[in-house]
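For reference, the structure is listed below as C-alpha cells.
Throughout, read-outs are computed from the coordinates displayed, never taken from laboratory work. Every value quoted in this text rests on a predicted model; they were computed, and no experiment measured them. Neighbour counts run over all protein chains shown; Cβ positions are idealised from the backbone, glycine included.
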Amino acid sequence: MNPPPLNDLSQAGLDLGESTDSMAPASSPAAAGEYTPEAALDEQIKDLESWALAIVRRRRRELARFWTIRGLAFCSAAVATAVALKGLLLPAVVLSAVAALLVAVDVGWPGSGARAPHRRAIYDLRETQSAVKLRWQKVRLAHPDPTARKRVAHAVELLELIHAKREAVGEYLGSFESNRGVNRSG
C-alpha cells in the first residue's frame, strides 16, 4: 500500500484541520500538546532501529550456533577418522555417531536457513530509517514552522511509509517479528 501523495491527503480521509486531542487520554503527550511530528517520527525510527537490532542479535546467535554445531561435527568426524586409522574402533564409532547427531541437530534446527531474509530485513529497515530522516530534514527546511499544515501532512505521509515498510518486512519474514525487541511505554 503506497501512501497517498501530499495533495491527496485530505481526499484520503485525513482532515488535518481537526484536532485529535478529544480522542486522546488526558495523561497522553498529545493531550498536553507535547506530541509533535518530530516526536512521532523519532519514535517510529527508534522502533525500526530496535527491530533491526533484534534481528542482528538473532542472526548472530544463529550464526554462532550454526558454526558451533558444524565445527563440533567436523572435529568429531576428523578425530573419528584419526582414531580409526590408529585402530581404535569403539571411539571411532562413538565419535562418528556424535558427528552424525550434530549434523542431524543442525539440519533439524528451525531457522538455520533464514539468513537471507534477515539480511534483507536489516537492509530494508535501515534504508527506511535513512530515507525517512533525509525526507524529514527536507521538510523541516521547506517548512520551518513546526505547526504548519504541510509539515504535519508530510509527517503523516512518512508515518504511512514506515507502516507500509513494516508490513512488507513482516510479510517476507513470515511472522510479526516487529514486536520483538520493541518496548513501548504506553
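Structure values in brief
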{"quantity": "Label zone at T68 (point 7 Å along Cα-to-Cβ), backbone N below 14 Å, the stretch 91-109", "calculated": "106"}
{"quantity": "Whichever lysines have a C-alpha closer than 30 Å to that of K46, once near sequence neighbours (fewer than 8 apart) are set aside", "calculated": "K133, K138, K150, K165"}
{"quantity": "Cβ-placed point charges (K, R +1; D, E -1), dipole of the stretch 46-179 about Cα centre in debye, nearest 20", "calculated": "460 debye"}
{"quantity": "Convex hull of Cα atoms in the stretch 55-111, direction-averaged projection (nm²)", "calculated": "3.6 nm²"}
{"quantity": "For q = 0.14, 0.16 Å⁻¹, Debye-computed log10 I/I(0) when each Cα of the stretch 46-179 counts as one equal scatterer", "calculated": "-0.75, -0.86"}
